[in-house]
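Peer 1: The structure under discussion is supplied below as structure tokens; questions concerning it will follow.
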Amino acid sequence: MKKLVVFMILISLLITSAFSATKSSTTTPSTGTVEGSATYSAETAAQYKYQTNDKNRMVTIGSNGEKFQGPVLVTSFGQSTDGSMIEQVMKRLKTVAYTYNPIATGADLAGIKTVVIAVGNSTKGLGAAGISQEQETQRAKEFMAAVKNAGVDVICCHIGGATRRGALSDAFADMVLPLSSFIVVKEDGNEDGKFTTFATSNNVPITLVYGSKDTVDAFKAIF
């Protein structure tokens with residue numbers, strides 16, 4: 001009987017441990033925000049009040065006045081799939097000339113009027129591209145310096161949601177936000193208010209989308 005009781009206790013502990021591991025993996029910790037104090041956690045997420053839902057899939061705060069112009073250069077900081085998703089969005093627009101180069105450098109800015117940068121770090125994506133985090137960070141810094149010199153419009157996109165948040169993703173976002181003329185964010189990636197706080201504090205218009213696919217409608221409104 002004692003053996004049976006001990007066995008049942010062990011099974012209970014194993015199930016509890018597995019559940020806890022699964023639950024904790026749903027939220028990626030985030031530091032490195034512009035202000036340097038906010039963190040991305042389950043606690044902050046629970047306090048966040050959503051503005052989008054399955055019926056109201058897009059909310060824009062502020063206005064950029066005029067629509068953005070092509071030619072457009074789409075690139076990625078972090079080599080996540082977000083970059084290729086933005087490419088598909090541009091392809092569906094059909095009215096704007098664009099180039100997609102996930103490892104773009106300053107040399108690719110010639111003739112470009114608008115740069116769309118998908119921020120979201122992916123270890124798997126970096127590995128597939130044969131790029132280290134240090135190399136990607138350096139490229140991003142040099143690219144933003146070239147963007148500043150070129151004076152082109154910048155649209156910062158974070159459409160990977162909560163699972164794409166993290167210290168390096170935030171570091172990439174922090175490089176892009178100060179030069180951004182517009183921000184597009186999948187709202188569950190803003191549960192700590194990082195992007196909306198920056199937008200409202202700096203008078204930068206921002207569109208929150210309910211799902212990644214809603215980025216198409218967001219881009220139709222700004223291009």
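Peer 1: Report every pair of residues separated by at least 6 positions or lying on different chains whose Cβ atoms are under 8 Å apart, first residue within the range 73-98 and within 15 Å of CYS156 (Cα to Cα), second open to solvent by less than 70 Å² (accessible area, probe 1.4 Å) and of a type in the set (Asp, Glu).
Peer 2: LEU73/ASP108; VAL74/GLU87; THR75/ASP108; SER76/ASP82; PHE77/GLU136; GLY78/GLU136; GLN79/GLU136
Peer 1: For GLY160, indicate whether it is surrounded by 21 or more Cβ atoms within 10 Å (Cβ to Cβ), farther than 23 Å from LYS67 by Cα and of a type outside the set (Asp, Glu).
Peer 2: Yes, satisfied.
Peer 1: Sticking with this structure for a sec: Only one residue in VAL116, VAL154, VAL147 is part of a helix (DSSP H, G or I) and buried (at least 19 other Cβ atoms within 10 Å of the Cβ). Which one? Give the steps one after another, and end with the answer.
Peer 2: On the way: VAL116 fails: part of a helix (DSSP H, G or I); VAL154 fails: part of a helix (DSSP H, G or I).
Criteria check complete, one pass: VAL147.
Peer 1: Related question: Being surrounded by fewer than 16 Cβ atoms within 10 Å (Cβ to Cβ), under 19 Å from the mean Cα position of the chain (by Cα) and in a helix (DSSP H, G or I) is the requirement here; does LYS124 meet it?
Peer 2: Details: surrounded by fewer than 16 Cβ atoms within 10 Å (Cβ to Cβ): yes; under 19 Å from the mean Cα position of the chain (by Cα): yes; in a helix (DSSP H, G or I): yes.
Spelling it out, LYS124 is indeed surrounded by fewer than 16 Cβ atoms within 10 Å (Cβ to Cβ), under 19 Å from the mean Cα position of the chain (by Cα) and in a helix (DSSP H, G or I).
Peer 1: Can you find even one residue in the range 192-202 that is touching a Lys or Arg at 6+ places or on another chain (Cβ under 9 Å) and either of a type in the set (Gly, Ala, Ser) or outside any helix (DSSP H, G or I) (or both)?
Peer 2: The first filter runs over the range 192-202 and keeps only residues touching a Lys or Arg at 6+ places or on another chain (Cβ under 9 Å), leaving 192, 194.
Of the ones still in play, those that are also either of a type in the set (Gly, Ala, Ser) or outside any helix (DSSP H, G or I) (or both) are 192.
Checked against the condition, which is being touching a Lys or Arg at 6+ places or on another chain (Cβ under 9 Å) and either of a type in the set (Gly, Ala, Ser) or outside any helix (DSSP H, G or I) (or both), the range 192-202 yields at least one hit.
Peer 1: OK, next. So, of the residues in the range 184-213 that are over 20 Å from PHE68 (Cβ atoms) and among the basic types (Lys, Arg), which turns out to be surrounded by the most Cβ atoms within 10 Å (Cβ to Cβ)?
Peer 2: Once the filter is applied, the top-ranked residue is LYS194.
Peer 1: Something else about it: Determine which member of the set ILE86, ILE131 is surrounded by 15 or more Cβ atoms within 10 Å (Cβ to Cβ) and modelled with pLDDT under 90. Walk me through how you get there before you give the answer.
Peer 2: Numbers: ILE86 fails: modelled with pLDDT under 90.
On inspection, the qualifying residue turns out to be ILE131.
The values are calculated or read from the model by the stated rules, or taken from the named source; none is laboratory data. In this text the structure is predicted, and so the values were computed from the model without any measurement. Reconstructed Cβ throughout: ideal geometry from the backbone, glycine too, with neighbour counts over all protein chains shown. Heavy atoms of the whole protein, side chains included, go into the accessibility calculation; ligands, DNA and RNA do not. Shrake-Rupley method; radii C 1.70, N 1.55, O 1.52, S 1.80 Å.
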